[in-house]
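Q: First the structure, then my questions, so here it is.
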Amino acid sequence: MGSSKDVVSKGLLQSEALHEYILRTSVFPREAKPLKELRNATASHPRAIMVTSPDSGQLLSMLLKLINAKKTIEIGVFTGYSLLLTALALPDDGKIGLPIIEKAGVGRKIEFIESEALPVLDKLLENQENEGSFDFAFVDADKVGYKNYHEKLMKLLRIGGLAVYDNTLWAGSVAMPEDLVSDQFKPGRQSVIEFNQYLAADARVEISHASVGDGMTICRRVQQHGQSSLIAVIVLIHLLY
């Protein structure tokens, strides 16, 4: 079933016992064997806190299936936990843009590119066929770059597609007085605060700020007002005739 001892705590629940209850009751019993293997392999890594938490992963998997995602993109990869769960959630003809991953039999779904993210995103956008073609994006990379990644993703995602940003509560430090924030979380804190404000004001997306893991903001790309009204007029005229 797995053990909470194998998980580096990064949740925001005040009760560690409650977090353990969620993991043992709802997460570990349903965690795929390859994911458990990768999580255990990552637990001893000096920077294991960077891995996607299992409860966050469960939410990601649900979102992927709810929108029937086939073409996804992930920006920022640590040991590949979120990458693997995405591949497992996609249908056989799905694609996302690794020893345990290959062992799980999903390597064929992955196009892995080791590079700075922005040049790759720009390259994708050079091909107009890529605009509006992605169903899902997951971002767990440098927080300073989140706004730039979001701008690119708004062009790559289809209407109704999801962009999910990890670590958007930054260990709770976004709501703390700055003098109480530990040195570990001071770098990146202001970038996360500014990004959260930026998303809250972005009319191109609907958002849900989930307090799972280290904070995860789910953005659904929507029609902008001009586009929506045009479609409504077309439909209305059609009905009148």
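Q: Being of a type outside the set (Val, Ile, Thr) and touching a strand residue (DSSP E or B) at 6+ places or on another chain (Cβ under 8 Å) is the filter here; which residues of the range 125-152 pass it?
A: Result: GLY132, SER133, PHE134, ASP135, PHE136, ALA137, PHE138, ASP140, ALA141, TYR146, TYR149, HIS150.
Q: Kindly check whether there is at least one residue in the range 65-74 that is in a helix (DSSP H, G or I), modelled with pLDDT under 85 and not acidic (Asp, Glu).
A: no
Q: Being open to solvent by 10 Å² or more (accessible area, probe 1.4 Å) and either hydrophobic (A, V, I, L, M, F, W, C) or touching an Asp or Glu at 6+ places or on another chain (Cβ under 6 Å) (or both) is the filter here, so list the residues in the range 120-133 that pass it.
A: Answer for the range 120-133, where residues must be open to solvent by 10 Å² or more (accessible area, probe 1.4 Å) and either hydrophobic (A, V, I, L, M, F, W, C) or touching an Asp or Glu at 6+ places or on another chain (Cβ under 6 Å) (or both): VAL120, LEU124, LEU125.
Q: Name the residues in the range 167-206 that are of a type in the set (A, V, I, L, M) and either open to solvent by 80 Å² or more (accessible area, probe 1.4 Å) or part of a helix (DSSP H, G or I) (or both), would you?
A: ALA171, VAL174, ALA175, LEU180, VAL192, ILE193, LEU199, ALA200, ALA201, listed by residue number.
Q: State yes or no: is SER61 at pLDDT 90 or above, within 24 Å of ASN167 (Cα to Cα), open to solvent by less than 60 Å² (accessible area, probe 1.4 Å) and of a type in the set (S, T, N, Q)?
A: The answer is yes for SER61.
Q: When the range 138-149 is examined, which residues are found to be buried (at least 22 other Cβ atoms within 10 Å of the Cβ) and within 17 Å of GLU194 (Cβ to Cβ)?
A: Matches in the range 138-149: VAL139, LYS143, TYR146, TYR149.
Q: So which residues in the range 5-50 are of a type in the set (Val, Ile, Thr), in a helix (DSSP H, G or I) and modelled with pLDDT under 70, if there are any at all?
A: Filtering the range 5-50 down to residues of a type in the set (Val, Ile, Thr) leaves 7-8, 22, 25, 27, 42, 49.
Filter once more, keeping what is in a helix (DSSP H, G or I): 22, 25, 27, 42, 49.
Of everything in the range 5-50, those that are of a type in the set (Val, Ile, Thr), in a helix (DSSP H, G or I) and modelled with pLDDT under 70 turn out to be THR42, ILE49.
Q: In this structure, does MET216 turn out to be within 23 Å of SER53 (Cα to Cα) and buried (at least 17 other Cβ atoms within 10 Å of the Cβ)?
A: So MET216 fits the description; yes.
The values are calculated or read from the model by the stated rules, or taken from the named source; none is laboratory data. Bear in mind the structure is a predicted one, so any value in this text is a computation, not a measurement. Don't worry about glycine lacking a Cβ; one is built from the backbone with ideal geometry, like all the others, and counts go over all protein chains shown. Ligands, DNA and RNA are excluded from the accessible area calculation, which covers all protein heavy atoms including side chains. Shrake-Rupley method; radii C 1.70, N 1.55, O 1.52, S 1.80 Å.
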